[in-house]
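Here the structure comes first, spelled out in structure tokens, and everything after it is commentary.
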């Protein structure tokens, strides 16, 4: 699944929306959305992507790539911007967090030490 469709899926889940609702609200046929979503590296046509971003109320840049690369929103306070970036990271690493939560505290500690060691070696 392409990053675009992964981000769309994440946002749909976050908003409690399904693909059929997205299709209805955008006016895009459901089959068009599911076909695009099921193709690796599929990026929709510009008009389709724009309709989806408007319905989800997310910038197109957010759906196409990494939210951390977006310019800061002047309407947000520094705290709100920081919270947005943290929320994006939690969503990005949700699977990893879920797996770690299933581990013992000792394994969690070991993993954190390892991750810190790797991060220090590769700034």
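The values are calculated or read from the model by the stated rules, or taken from the named source; none is laboratory data. All values derive from a computational prediction rather than experimental measurement. Quick reminder, even Gly has a Cβ in these numbers, built from the backbone with ideal geometry, and neighbours come from all protein chains shown.
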Condition (residue is in a helix (DSSP H, G or I), at pLDDT below 90 and surrounded by fewer than 17 Cβ atoms within 10 Å (Cβ to Cβ)) applied to region 37-45: is it met by at least one residue? yes
Those residues that are on the phi > 0 side of the Ramachandran plot and either surrounded by 13 or more Cβ atoms within 10 Å (Cβ to Cβ) or in a helix (DSSP H, G or I) (or both), I need them from region 2-34; list them, please. none
State all residues of region 24-47 that are within 18 Å of residue 10 (Cβ to Cβ) and in contact with a helix residue (DSSP H, G or I) (Cβ under 7 Å, 6 or more places away or on another chain); if no residue qualifies, say none. 25, 26, 33, 34, 36, 37, 42, 43, 44
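Return the residues of region 88-109 that are modelled with pLDDT of 85 or more and part of a helix (DSSP H, G or I); say none if nothing qualifies.
Listed by number, the residues that qualify are 97, 98, 99, 100, 101, 105, 106, 107, 108, 109.
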